[in-house]
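A.B. asks: Sending over a structure as structure tokens; questions will come in a sec.
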Amino acid sequence: MDGPYIRVEDSGLIMPLREDVTTIGRGRSVDVHLVDPSVSRLHAELVRRGPYVYVTDLGLSRNGTRVNGRLVARRVLEDGDVLSFGSARCRVFGVTAEELAAEVELRRPAAPELTRRELDVVTSLCRPALSDEAFVAPATAPRAVMQERVARPSTWTVQAPHSPIPQPNLVPLRPISSRIAQSSGVSSGAS
């Protein structure tokens, strides 16, 4: 077969990859149809870019996509790689190998370490999303409200702060003509 192709291990089906994108899934309109309940309708794509072929998991399944047993989101493929979509297995062949220099680093750099404050912020922002309750305190709620909510999970109360809002000292203004007259020493009254 000329060019890269995929072989479905269960059925033995051999399918050449399209020139641009080959879709894989359980749905009717995909290029490579896999009859397996662990595969989503539109599970992944095999993308050809020049001499490279890479697999992209579309994030629509619970079971993910694996290359040689490792869970991936996107990965460049090599000849003979085993692709697992849920529990369905396939192999890709006909991919040209390219020699890479030893100094080329293909991995992404590790994520930076979070400071304690950054970790607290992320935890607070994720708290509503991780809760199983129907009504959760928003991440911006004061800590006292959150503690009260934890202490009594069956009720939802928000209390106003006990400290009154300070009122500014308001001084009544006199008309500008009386202020001008006072500063010049002239009485504003009629004589």
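A.B. asks: Can you pull out every residue in region 65-85 that is part of a loop (DSSP other than H, G, I, E, B) and either modelled with pLDDT of 90 or more or in contact with a Phe, Trp or Tyr (Cβ under 6 Å, 6 or more places away or on another chain) (or both)? Explain how you work it out, then say what you get.
C.D. replies: Residues of region 65-85 part of a loop (DSSP other than H, G, I, E, B): 68-69, 73, 77-81.
Of everything in region 65-85, those that are part of a loop (DSSP other than H, G, I, E, B) and either modelled with pLDDT of 90 or more or in contact with a Phe, Trp or Tyr (Cβ under 6 Å, 6 or more places away or on another chain) (or both) turn out to be 68, 69, 77, 78, 79, 80, 81.
A.B. asks: May I ask you to list pairs of residues, at least six apart or on different chains, whose Cβ atoms are under 7 Å apart, with the first in region 69-83 being farther than 16 Å from residue 8 by Cα and the second being open to solvent by 80 Å² or more (accessible area, probe 1.4 Å)?
C.D. replies: Final answer for the pair search is 72/66; 76/52; 78/97.
A.B. asks: Let me ask another. Could you tell me how many of the residues in region 60-85 are open to solvent by 30 Å² or more (accessible area, probe 1.4 Å) and either in contact with a helix residue (DSSP H, G or I) (Cβ under 8 Å, 6 or more places away or on another chain) or hydrophobic (A, V, I, L, M, F, W, C) (or both)?
C.D. replies: The qualifying residues number 4.
A.B. asks: Continuing with this model, one more query. Would you check if residue 36 is more than 20 Å from residue 93 (Cβ to Cβ), touching a residue at least 40 places away in the same chain (Cβ under 8 Å) and of a type in the set (D, E, K, R)?
C.D. replies: Numbers: more than 20 Å from residue 93 (Cβ to Cβ): yes; touching a residue at least 40 places away in the same chain (Cβ under 8 Å): yes; of a type in the set (D, E, K, R): yes.
Answer is yes for this residue.
A.B. asks: Still on this structure: Return the residue satisfying two criteria in turn: it lies in region 86-99 and is in a strand (DSSP E or B) and open to solvent by 60 Å² or more (accessible area, probe 1.4 Å), and of such residues it is farthest from residue 3 (Cα to Cα). Talk me through it step by step, then tell me what you get.
C.D. replies: If we filter region 86-99 for residues that are in a strand (DSSP E or B), which is where we start, we get 88-93.
Narrowing the set further to residues that are open to solvent by 60 Å² or more (accessible area, probe 1.4 Å) leaves 89, 91.
Working: 89: 20, 91: 14 Å.
Once the filter is applied, the top-ranked residue is 89.
A.B. asks: Every residue in region 1-17 that is of a type in the set (Val, Ile, Thr) and surrounded by fewer than 18 Cβ atoms within 10 Å (Cβ to Cβ), please. If you could, list the steps in order and put the result at the bottom.
C.D. replies: Within region 1-17, the subset of a type in the set (Val, Ile, Thr) is 6, 8, 14.
Selection gives 14 alone.
A.B. asks: Going through region 18-59 one residue at a time, which ones are surrounded by 21 or more Cβ atoms within 10 Å (Cβ to Cβ) and in a loop (DSSP other than H, G, I, E, B)?
C.D. replies: 34, 39, 40, 43
The values are calculated or read from the model by the stated rules, or taken from the named source; none is laboratory data. Predicted model only: the values in this text are computed from it and were never measured. Methodologically, a virtual Cβ is constructed for each residue, glycine included, from the backbone with ideal geometry; neighbour enumeration extends over all protein chains shown. These area figures cover heavy atoms from the full protein model, side chains too; ligands, DNA and RNA do not enter into them. Shrake-Rupley method; radii C 1.70, N 1.55, O 1.52, S 1.80 Å.
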